[in-house]
Amino acid sequence: MELLSDSHFWVGIGTLIFFGILLWQKVPSLITSALDARAAAIAKELEEAQRLRTEAEALLVEYKKKRADAEGEAAAILAEAKAEAERFAAESRAAIAAQIERRSKQAEEKIAQAEAQAVAEMRALAADRAVAAAEALLTARLDDKRAADLVKRSLEEIPSKLN
């Protein structure tokens with residue numbers, strides 16, 4: 001009976017009763033089910049995280065592709081704009097050269113026209129001066145008798161020169 005007065009004995013009995021009550025109330029299965037539920041929730045969260053990560057990686061790849069496409073398109077637009085600018089510059093240079101050529105020809109034509117007009121004016125002036133000089137000379141050297149004789153001869157020569 002000494003066993004009944006020993007405190008270790010009663011602590012052991014209390015512990016056994018405590019564990020018996022826990023087993024009788026199915027506490028280990030409750031703890032196991034709670035831990036399993038927690039493990040399932042964690043597994044579900046991990047799966048969700050993995051799915052989100054996969055989606056994020058897919059979006060990243062898609063956006064990188066879109067970015068590369070956009071950069072390629074921007075480069076193509078830039079190249080096209082440069083080509084258009086060069087083509088416009090070449091057309092402008094050609095148009096300016098043609099315009100300069102046209103204006104040069106016009107200037108040359110005006111110069112030639114002015115030269116021809118000046119030559120014509122000089123000839124007309126020379127002809128006028130020659131007529132005036134001939135008139136002055138004839139007036140000074142021709143008297144009435146000679147003038148009548150000259151007119152008579154000229155009238156006689158007209159029929160032979162007309163045929």
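The values are calculated or read from the model by the stated rules, or taken from the named source; none is laboratory data. In this text, all values refer to a predicted model and were calculated from it rather than measured experimentally. Reconstructed Cβ throughout: ideal geometry from the backbone, glycine too, with neighbour counts over all protein chains shown. Please note that ligands, DNA and RNA were not included when accessible areas were found on the heavy atoms of the full protein model with its side chains. Shrake-Rupley method; radii C 1.70, N 1.55, O 1.52, S 1.80 Å.
Cross-link partners for LYS152 among the aspartates and glutamates, with Cα-Cα distance under 16 Å and sequence neighbours closer than 8 places in the same chain left out: ASP143, ASP144. Based on alpha-carbon centroids, what's the gap between the range 126-163 and the range 69-114 in Å, whole number please? Between the Cα centres of the range 126-163 and the range 69-114 lies a distance of 67 Å. The HN-Hα couplings worked out from phi for the range 98-111 by the Karplus form 6.51 cos²θ - 1.76 cosθ + 1.60 (θ = phi - 60°) are 5, 5, 4, 4, 4, 5, 5, 5, 4, 5, 4, 5, 5, 5 Hz, whole numbers, x standing for Gly and Pro. With a 1.4 Å probe and all protein chains left in place, how much of the accessible area of the chain comes from carbon and sulfur atoms, in whole percent? Carbon plus sulfur share of accessible area: 64 percent.
Sequence-ordered 3J(HN,Hα) estimates for the range 34-45 from the Karplus curve with 6.51, -1.76 and 1.60 and θ = phi - 60° stand at 5, 5, 5, 4, 5, 5, 5, 5, 5, 4, 5, 4 Hz, glycine and proline given as x. Summing Lys and Arg as +1 and Asp and Glu as -1 over all other residues whose Cβ lies under 14 Å from the Cβ of THR54 gives a net charge of -3. For helix 144-162, what angle does its Cα long axis make with the longest principal axis of the chain, in degrees from 0 to 90 and rounded to 10? That helix lies at roughly 60 degrees to the long axis. Look at [x] 64.0, 203; [y] 20.8, 79; [z] 15.3, 57: the one that is Rg and Dmax of the Cα atoms in Å derived from this structure is [x]. Backbone phi angles across the range 17-28, fed through the Karplus curve with coefficients 6.51, -1.76 and 1.60 (θ = phi - 60°), yield HN-Hα couplings of 5, 4, 5, x, 5, 4, 5, 5, 7, 6, 5, x Hz in residue order; Gly and Pro are listed as x. Within the straight-line cut-off of under 17 Å between alpha carbons, the aspartates and glutamates reachable from LYS82 are GLU71, GLU73, GLU91, sequence neighbours fewer than 8 places apart in one chain being disregarded.
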